[in-house]
1. For the stretch A:1-20, enumerate the residues that are outside any loop (DSSP other than H, G, I, E, B) and within 10 Å of chain B (Cβ to nearest Cβ).
2. From the residues in the stretch B:40-63 that are in contact (Cβ under 8 Å) with a residue 60 or more places away in the chain and either polar (S, T, N, Q) or outside any loop (DSSP other than H, G, I, E, B) (or both), which one is farthest from B:VAL86 (Cα to Cα)?
3. Could you list, in sequence order, all residues of the stretch B:109-130 that are more than 9 Å from chain A (Cβ to nearest Cβ) and within 17 Å of B:ASN70 (Cβ to Cβ)?
4. Which of the following residues is of a type in the set (Lys, Arg), under 25 Å from A:THR92 (Cβ atoms) and buried (at least 22 other Cβ atoms within 10 Å of the Cβ): B:ARG74, B:ARG59, B:ARG54?
5. Mind counting the residues in the stretch A:21-43 that are out of contact with any helix residue (DSSP H, G or I) (no Cβ under 6 Å at 6 or more places or on another chain) and either on the phi < 0 side of the Ramachandran plot or assigned to a strand (DSSP E or B) (or both)?
6. Examine the stretch A:58-77 for a residue that is over 14 Å from the mean Cα position of the chain (by Cα), under 25 Å from B:LEU134 (Cα atoms) and either without any contact (Cβ under 8 Å) to a residue 24 or more places away in the chain or not in a loop (DSSP other than H, G, I, E, B) (or both), and state whether such a residue exists.
7. Looking only at the stretch A:33-65, how many residues end up being within 18 Å of A:SER79 (Cα to Cα) and more than 13 Å from every other protein chain (Cβ to nearest Cβ)?
Amino acid sequence: MGFNQTKGSSGVVVVQVEGQLIVGNRHELKDLVQAALEKGERRLLVDFSRTGYIDSSGLGALVSISKRIREMGGELRLSGLNDDLRSLFELTKLDTLFAITETPEQALTSF
Amino acid sequence: MTSPLRLCVRRTSASETRGSATLVTLRLPSDVNCIEEAVELVTRHCLAGHDATRTIRFRLRVVLSEALSNAIMRGNGEDHTKWVEVRAELVPEAIRVSVTDEGPGFDPGAVPEPLRPEQLDEAGGRGLYLIRKLVDVVQFNEQGNSICMILRRP
């Protein structure tokens, strides 16, 4: 369980969630995003193509970083949600809060 | 390092009347860093050898993670001297999981649904709501320190 951060030619910071996004590692994600914002990054993508499950603390962490990124004039996108993961966003209506694309490639081209 | 988790698995063979059953019990300390391992142990041993769908496995992991998080953080207040008990039972028609903490309990009826537009931007308050949406039955004991979640098997 961890996060893999990359930045390609698009200039977008891509954070891949490997394993789970849950109460035990949510602060790690928030710290990582905060550090990127402090470095001047404003376009971020969190990709869930390699994610097992997310709990409500993980969803809460995404809400927090989304708010923080907006406050800094940036933009956050999410990608790679399978049907089960997407159902969590739909049940909590968070699918209306986030810009979600099927693949990371689609997200990168639409920034 | 030795894991602080205490696992016990008991399988009973098939009988003509009820079919086979698996009972998994797990005891873990009040440390959120133990949750992922606890979820994997319970899910793996409870569903071993059974053709549970990907969605059932996913839902079991999410609700177990939620219930453990509530028990450790709210119930036991992350007091490392207090423990959380998990009891997961797989019978032919359902998976029944209970999570019990050593806290004073709470009133589940007083927890509001987190769907009002002004709540969307809030970081917390979705745990119990998610559990209620992902399983078929949710029950609490009278004290409010033990939750029982039932997932019917398709």
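Laboratory data are not the source of any read-out in this text; all were calculated from the coordinates shown. As the structure is a computational prediction, the values presented were derived from the model and not from experiment. Cβ: placed from backbone, ideal geometry, glycine included. Neighbour counts: every protein chain shown.
1. Those that are outside any loop (DSSP other than H, G, I, E, B) and within 10 Å of chain B (Cβ to nearest Cβ): A:GLY19, A:GLN20.
2. Top of the filtered list is B:THR53.
3. Within the stretch B:109-130, B:GLY109, B:ALA110, B:VAL111, B:PRO112, B:GLU113 qualify.
4. Exactly one of B:ARG74, B:ARG59, B:ARG54 is of a type in the set (Lys, Arg), under 25 Å from A:THR92 (Cβ atoms) and buried (at least 22 other Cβ atoms within 10 Å of the Cβ), namely B:ARG59.
5. Residues that pass the stated criteria total 14.
6. No, because not a single residue in the stretch A:58-77 is over 14 Å from the mean Cα position of the chain (by Cα), under 25 Å from B:LEU134 (Cα atoms) and either without any contact (Cβ under 8 Å) to a residue 24 or more places away in the chain or not in a loop (DSSP other than H, G, I, E, B) (or both).
7. Selection size over the stretch A:33-65: 9.
Conditions (1) under 18 Å from A:GLY24 (Cα atoms); (2) of a type in the set (Asp, Glu); (3) within 11 Å of chain A (Cβ to nearest Cβ), marked per residue:
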residue	(1), (2), (3)
B:THR55	no, no, yes
B:VAL62	yes, no, yes
B:ALA67	yes, no, yes
B:ARG74	yes, no, no
B:ASP79	yes, yes, no
B:GLU93	no, yes, no
B:THR100	no, no, no
B:GLY103	no, no, no
